[in-house]
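Peer 1: Structure below; questions to follow.
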Amino acid sequence: MTGHSINWNPLVRRDFEGFKKLAMEIEDPSAREKALLKAGGLIDALMGELVRIGYFTDPESVNYAIDKYKTAIDDGLELELRKKLFQEVSTFTQYFEDCTALTYVPFVLGDTDRGIVSTATLDYVSVAKIEEGADPMLVPRHVVRMIEGKHPVNRGAVFGGLLSTGDPRVCSDLLWDLRHQLSEDEINEACLCHTGFIGSAAVEFFLKWLEEIVHLGQDGLFGKLASGLALLRRNVQTEFVFTGQRPFPYASLQGEELLAILKPVPIDDFTRQIASRMLHLSSLEHEPRVMAEVLRIWSICTLPDAKGILISDDLTERCWELIKGPRKSDPNVNEALCEIIDASIGISGDFSLASKIGEEITKRGVPAIWEFVFSRGEAAITNQRCDGPNGATWGQIIAMPVVCDTDTSDEQIVEICQAIPPLPDGQEFKFCPVIMTWSNLNRIASTRLLHAMLQKWRTDEDKPAVEADITMYAAATREETALDEVVFQRNQISKLRFLVGYRFETEDFPDYPQDQKVEWSSQANETLQSACGDKTIGVRSPRPLGYALYTAQSVMTELNAKAAVWIAERYHSPVAQDKFGIRLAAYGNLYTGLADCFEATAYDLENGETIFRREIPIVLPSVRPHWKQELDHLRVNLEAGGCPYVAVAPILQSIYLNDRIFEETKCVKVTLGAPTSLGDQADDGLPFENISEIAEEKQRWHTEGERLHVDAEAFKLACAGQLGLDIETVRASGEFALIKGRWFPTILIFMRNAKAADGSPIDWPLDATLVDTAVRAAAVETGRRWAHWTFGGVSEETEEVDVEAVYKLALNDDLAAQVQLAQILYRGDKVERNLSTALQWFRKAASQGHGESQAMVAYMLDEGLGCAQNEVEGLHWHRLAAENGSAYSQRKLAAAYEAGELLRQDYEEAAKWYRLAADQGSPDAQFSLGWLLYSGNGVPENLEEAAEYFERSALQGNAAAQYNIAAMYGHGEHAPVDRVKSYAWFRLAAEQEYEGAEGAIEDICSRMSADEMAKAKELAKELAATIGAQR
């Protein structure tokens, strides 16, 4: 049974009564097994034995079920199938009141998986019924006797399951003495068990044991127990710690009675109670020290505080006291603020807690707090205390950003950069020959490990071994990020990489003047360009890591903006090459004033129509320089590059007005016309520049700014009243949205947490007629000339389609409406089908960065639908859509690289794009990637992975993949020969008339036994059923 693939469609799901009849009424075990195997399969045969012991509780039946389950595991029953089986049995047991909890015992005793065993143990003691008046510890004691008798295969997980009850009678009375019977490996298993539920008795168990051994030199055991204590808090799913007892069975009490016995306490209050003991343990423990991490996870701060123990929730108030309290004039206030921000970064391991502090303090009117947040965050990434050549010191990661085209491999980057000249002070930049990406360097938790490795690299003579470790670190922490690559031109993609070095505090690394940095970068780039031949490569001067990350982001932001200009030039009318402009805008958090992303929009100067819109990602929140300064920097560079009409939007727009975010947010967006009080001559919208010397414009901006919040409340009240919503669950905000170069007052009514007045959940989208009525009424009430609205967070299929309304919104540059109108015209839905006009609207949406529309434009150009066939331009749109995540375009781009017709042949790039599409479920991409892995084109030959992708594609009905995986099983290329699977897959390929499949069946049949043939035909039926169900 080794190698069974998951095919979860058991008889118990398809025909429950039939299953129950076979499982319960056939007394002979052998006959029962055969009947269940024939009617269902292996899972049903096991399920039958497991549920039987919920009714037939004699020892013989129980032991038989345990033995059958253990045998199935020994024969190779996959973990995923066991998890599904456990879930099925658990549901059955808890649904049928007459079924006893003995059904859990085979899992408790026979399984090896920690999760199954610990959960089964907890469920067993929680669900098992006991007679009224009996000892509530009856079932937990039974489990303890199992552990003492060494009956469970995984005793540690059973122990952990009992500990997870959090009951003091279990943890203190039953488990405390039992712990000495466990090996260290079993203790480790117990410590790794968790449920999301914290009982104070479990915490006390860990603390008491840690306090017992802290002086005994048992560092390995101390570390395991500390990890268990940390995992309790890390995986918690409630806001309370339960300090009382747990009822056995758990369902015997409910409501107030249950809370009275559980005695929940807010987790922050409980943390304050135990914090002093944890801090004391931290001060006593030996190297390697682990309690600092436990303190961090429990949100316990090590800073001294006059008011007692500090936890994470206290830090905001301490900051506020420093800023506005009695100490605000203290000369050391800035130093104290830095200490608190450092503590918050230490607790969270990233910027999340510091950012929460920043947001809260900003809401209270002090946005300058962000300077502290980001300066300390930069320092946390860059600097760490370390062991230098002369004792304890500070170490600092030095990084050099490298931007090159994707044709330059990481190995070539290292080789080329050997030619970089000395730094301005004559020093050499000694870099580790391992290429890093953004994701390797911008997370505090992971850079701590990198610090330790780079320290060793600087001082260790065995550098190759350390470099091998750093290479493994780079691979393990690498993820795709928005700044790794930027599509600049059709055949040019620039990628960002880093080379890193290390310095100790005693080594000088001066901050060179800006002119020296620029001069060095220019000289270095000239040297490297001559060394790399026809490849393109550029570097910036090596700087401390935090500074280097900001520099790199700025470089990639500039490339993105220039790419938008190039696309506008490429697709604007040749007659009007100089008649388009670029608007640069920022979206972000209006409370904090921080930008989350930029946007470059190319527009026609004559009519204001959008030519192309490109979102420019920001990974580090733009605070240094501030977003306005960053956009001004972009404007200057674009103008210097020959783009004469560049404007920077002076207002930070809410991130929810960004088209991509709006599509994901459950809300109603209402765009407002001019106030009726201004008369018919007033323009809708406000001028692009929000600072004007014209009195009327100044007054208009002032008036709109003052009334926007009031209007937002009016529209919220109207919608809530008309739709019968609980007003407390609805939130609204007033914003300014940039549309065709003018600012329009816009109301966002957020419905993410909205409920009906009676507390029931709402259906989304809301009733469009009622929304329209509410918006019209609010427009009259607030004195607006008009009000246009649209839903966010909803697919167009669920909305009532008003083609005329969609058309009006599309004309007004509404992205969602443009996409919807294009689809209506393409399908001929309620209008005459018009491919040419559909393509025009798909182009407009695609030019705004909409991935699906980009893929559709590419498809129509490839096929000549609504236009002359143009595969070259189609490939350009395929690339943009692929960058936006379209599996279809990723596959088409990969195929172009593989064929080498429209692009230079590049199997490595082909494999990259095939993999992205394959991992999104594209069967054709799965087949193509499988073939590259099989043939070793562009990727190292890997028959096991090739077989995996062939089989994934085959399970989606791809005949070629079915033939290939059949052949691999038949020849034993990736695994031992399996004629049963080979025949089954050949049969499915033959049924699709795949060439050569029938002949292959004849060949393999000549080498199969009758038993193998029967199994193969049965497997073919199962596979066909699976494929049919997926379709």
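Only the coordinates and a few stated rules stand behind these numbers; no lab work does. Quantities reported herein were computed from a predicted structural model and do not represent experimental measurements. Heads up, the Cβs are rebuilt from the backbone with ideal geometry, glycines too, and the neighbour counts pull from every protein chain shown.
Peer 1: Testing the spin-label approximation: label points 7 Å from Cα along Cα→Cβ at residue 945 and residue 239. State their distance in nm.
Peer 2: 4.5
Peer 1: Continuing with the same structure: Starting with the fewest neighbours, write out 646, 486 ranked by other beta-carbon atoms found within 10 Å of each beta-carbon.
Peer 2: Working: 646 21, 486 25.
So the ranking, lowest neighbour count to highest, is 646, 486.
Peer 1: Moving on to the next point. Only four residue types carry charge here, +1 at the Cβ of Lys and Arg and -1 at the Cβ of Asp and Glu. Report the dipole size of the chain about the Cα centre in Debye, rounded to the nearest 20.
Peer 2: Dipole about the Cα centre, nearest 20: 1080 debye.
Peer 1: Pairs of alpha-carbon atoms within less than 8 angstrom and 6+ residues apart define the contacts here; what relative contact order does region 1-143 have, in percent?
Peer 2: Values: 149 pairs, mean separation 29.5, N = 143.
Reported relative contact order: 21 percent.
Peer 1: Can I ask one more? Mean separation of Cα pairs under 8 Å and 6+ residues apart, divided by the residue count of region 397-556: what relative contact order is that in percent?
Peer 2: Relative contact order, region 397-556: 45 percent.
Peer 1: Which one, 146, 347, 1014, projects farthest toward the positive side of the charge dipole computed for the chain from Cβ point charges (K/R +1, D/E -1)?
Peer 2: It is 347.
Peer 1: Can I ask one more? Charges at C-beta only: +1 for Lys and Arg, -1 for Asp and Glu. How large is the resulting dipole of region 801-885 about its Cα centre, in Debye rounded to 20?
Peer 2: Here the size comes out at about 80 debye.
Peer 1: Show which lysines lie in cross-link reach of residue 755 when reach means a straight Cα distance below 26 angstrom and same-chain residues fewer than eight apart are skipped.
Peer 2: Leaving aside lysines fewer than 8 places away in the same chain, those within reach of residue 755 are 666, 669, 716.
Peer 1: If you average the C-alpha positions of region 859-915 and of region 66-111 separately, how far apart do those two centres end up, in angstrom?
Peer 2: 49
Peer 1: As a quick test, which of the pairs 38/1021; 34/84; 495/562; 495/912 have an alpha carbon distance above 18 angstrom in this structure?
Peer 2: Violating the 18 Å limit, Cα to Cα: 34/84.
Peer 1: Which of 875, 315, 216, 221 comes first, and how do the rest follow, when ranked by fewest Cβ neighbours within 10 Å? The partial results should precede the final answer.
Peer 2: Working: 875 21, 315 24, 216 10, 221 17.
In order of increasing Cβ crowding within 10 Å: 216, 221, 875, 315.
Peer 1: Counting other beta carbons within 10 Å of each Cβ, put 193, 386 in order, fewest first.
Peer 2: Listing 193, 386 from fewest to most nearby Cβ atoms yields 386, 193.
Peer 1: Distance from the Cα centre of region 396-465 to that of region 811-836, in angstrom?
Peer 2: 51
Peer 1: Select from 545, 851, 417 the residue farthest towards the positive end of the dipole of the chain; place +1 on Cβ of Lys and Arg, -1 on Cβ of Asp and Glu, and compute about the Cα centre.
Peer 2: Of the listed residues, the answer is 545.
Peer 1: Taking the Cα centre of each part, how many Å lie between region 155-182 and region 266-294?
Peer 2: With region 155-182 and region 266-294 each reduced to a Cα centre, they are spaced 22 Å.
Peer 1: Along the charge dipole of region 821-929, pointing to its positive end and built from +1/-1 on Cβ of Lys, Arg, Asp and Glu, which listed residue (911, 899, 864) has its Cα farthest out?
Peer 2: 864
Peer 1: Related question: Out of these labelled values of Rg/Rh (Cα atoms, Kirkwood Rh), (1) 0.98; (2) 1.18; (3) 1.03, which was calculated from the coordinates shown here?
Peer 2: Matching entry in (1) 0.98; (2) 1.18; (3) 1.03: (1).
Peer 1: Still on this model: Cut-off under 15 Å on the C-alpha distance; same-chain residues fewer than 8 positions from residue 1017 excluded. Which aspartates and glutamates are left, in chain and number order?
Peer 2: Qualifying aspartates and glutamates at Cα under 15 Å: 978, 991, 998, 1002.
Peer 1: Pairs of Cα atoms under 8 Å, at least six residues apart: use those to get the relative contact order of the chain, whole percent.
Peer 2: This gives 5 percent for the chain.
Peer 1: Among all lysine pairs in region 236-394 that are eight or more places apart or on different chains, how many have alpha carbons less than 29 angstrom apart?
Peer 2: 9
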